[in-house]
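Presented below is the structure to which this report refers.
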Ligand code: PLP
């Protein structure tokens, strides 16, 4: 294929060339084990320490509060596991109906084991009712796990306010910040979040490396038990090239944060406005104010999202319908269903997610091709749109 316009950065991102370069020596020449006593391992340990500092700096944490894991899913599972094991007398979990399966399915697992789980609803813009959250937290609530930003709609939850509420009620607060870190500012010095997860492959590091932030003093039990790595909080020889790559990616993300909120947001808004002007019978999904700067979730009435994706793909345009993990299933997304999106719209939903590598000419290209595709599909549709 000649042209690839990649607008699926909430699924995964291109590894930054600077990150690849930083990692390469640690696959070949510098392969030592950072736990070894000799200098050959020690030089790797030194580099690992630097990477930990850079990752901590991105979110305003202390280096000792960072635990490297294998992915966002492991970080999410570990956070919930740690709270349930640390407070075995508390058998209640609170989460939301719109979490990623890494939290949602793990909570369902514990529900099947006999724990009580409250799944908070969202309104039609994907927002939470914080009064309802307050009502639901009891002395039996071990953990509240609520994402920072939604992977499908980009809707941002007020996690700092939520953390205050949860803290005042004496429970542990975890947030899945996989879609937020590197896109919006996060400063752990100025909030009460106890545990926070994120993942390398959403911020231009490779797949297979994640982070769990654990605030100093928060009770913890490891999920992966083995050696003394990560200060006994996650067994297993450190994935040194990937950790070093993530360190570089974190440094870059910090430098690019303002661009994410200006240039990337400008391009997302241009795409959104261009679609609104060119295509009738559409609906922007989610709160347009409290939203990630790179994400646009949009429904086209009277057409199937999968058909749109297929025709976009023929033009070299990569987007997504629902989350990447659940696409392949014809069930409409659980996030849009929770928001009560109308039947005519829910099946024709597409997510475009941009990155620092997105170019304006690519947005112009999508705005040129998409109206033709939608028009073509609507002409074939039995529910042809009424002008
Ligand atoms: N949480 C959210 C919000 C996500 O978007 C994803 C991935 O799409 C994950 C968790 C899982 O992260 P990983 O793929 O690193 O396991």
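The values are calculated or read from the model by the stated rules, or taken from the named source; none is laboratory data. If you're wondering where the values come from, they're calculated on a predicted model, not measured in any experiment. Every residue, glycine among them, receives a Cβ derived from its backbone with ideal geometry; neighbour counts consider all protein chains shown.
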Only unsatisfied item for residue 186, checking (1) out of contact with any strand residue (DSSP E or B) (no Cβ under 7 Å at 6 or more places or on another chain); (2) away from the ligand (no atom under 16 Å from the Cβ); (3) more than 22 Å from residue 359 (Cα to Cα), is (2)
From the list 308, 243, which one is in the same structural domain as residue 374 (by TED's automatic domain parsing), over 19 Å from residue 148 (Cα atoms) and in contact with a strand residue (DSSP E or B) (Cβ under 7 Å, 6 or more places away or on another chain)?
308
Keeping to the range 67-90, report how many residues are more than 16 Å from the ligand (Cβ to nearest atom) and either free of Cβ contacts under 8 Å to residues at least 60 places away in the same chain or surrounded by 16 or more Cβ atoms within 10 Å (Cβ to Cβ) (or both).
7
Tell me, which residue of the range 196-210 that is assigned to a strand (DSSP E or B) and over 16 Å from residue 241 (Cβ atoms) is farthest from the ligand (Cβ to nearest atom)?
196
Only one of these conditions is not met by residue 46: (1) more than 22 Å from the chain's Cα centre (by Cα); (2) farther than 29 Å from residue 239 by Cα; (3) surrounded by fewer than 19 Cβ atoms within 10 Å (Cβ to Cβ). Which number is it?
(2)
Taking the condition of being in contact (Cβ under 8 Å) with a residue 60 or more places away in the chain and out of contact with any strand residue (DSSP E or B) (no Cβ under 6 Å at 6 or more places or on another chain), how many residues in the range 33-52 meet it?
8
Listed by first then second residue, the pairs whose first member lies in the range 93-112 and is in the same structural domain as residue 175 (by TED's automatic domain parsing) and in a strand (DSSP E or B), whose partner is modelled with pLDDT of 95 or more and within 10 Å of the ligand (Cβ to nearest atom), with beta carbons under 6 Å and at least 6 positions apart or on separate chains, are 95/103
Go through (1) away from the ligand (no atom under 16 Å from the Cβ); (2) surrounded by fewer than 20 Cβ atoms within 10 Å (Cβ to Cβ); (3) on the phi < 0 side of the Ramachandran plot one by one and return the number of the condition residue 93 breaks.
(2)
